[in-house]
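What follows is calculated from the coordinates using simple rules that are stated; it is not laboratory data. What you are looking at is a predicted structure, and each value in this text was computed from that prediction instead of being measured. Every residue, glycine as well, gets a Cβ built from its backbone with ideal geometry; the counts of neighbours run over all protein chains shown.
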């Protein structure tokens, strides 16, 4: 179970980030948000990728605690944007822009939940269902 959870974590990270960059490529820009689809999908997929990272580091984690940790981190990053520090760092680094964002957007708080719920569903359907069957 532990190695399959780690594998799922890697798959969630790689799949979420790959899909997010593919959407950005199709919509016109790899780094800048070019529209509603890129913004919403990027936010939700960021959250599901973080869920995969938590699952990789904590392979015995059950969906609810992993989801709560992921949500707390994503919301902390979003509220950190109110300080202006991420905007300053993002002006000098593409990595900071991708990880920290630039501007607080209250709708992102909802899209993080959507991304995490998708990851929870994937986690439950692929791994947890085996243990309950």
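Can you tell me how much longer the chain between residue 105 and residue 37 gets when fully stretched, taken as 0.36 nm per residue apart minus their C-alpha distance, in nm with one decimal?
23.0 nm
Label-point separation (nm) for residue 4 and residue 68, each offset 7 Å from Cα along Cα-to-Cβ?
The answer from the label model is 2.6 nm.
Arrange the peptides 75-83, 4-12 so that the one whose residues have, on average, the most other Cβ atoms within 10 Å appears first.
My ranking of the peptides, most packed first, is 4-12, 75-83.
Kirkwood hydrodynamic radius, the chain, all distinct C-alpha pairs: what's the number in Å?
So the Kirkwood estimate lands at 15.1 Å.
Give me the extension gain from residue 60 to residue 19: residue separation times 0.36 nm, minus the current Cα-Cα distance, reported in nm with one decimal.
The span from residue 60 to residue 19 would gain 12.2 nm if fully extended.
For helix 63-80, report the angle its Cα long axis makes with the longest principal axis of the Cα atoms of the chain; keep it between 0 and 90° and round to the nearest 10°.
10
Calculate how steeply helix 106-123 sits against the longest principal axis of the alpha-carbon atoms of the chain, using the helix alpha-carbon long axis, and give the answer as 0 to 90 degrees to the nearest 10.
30
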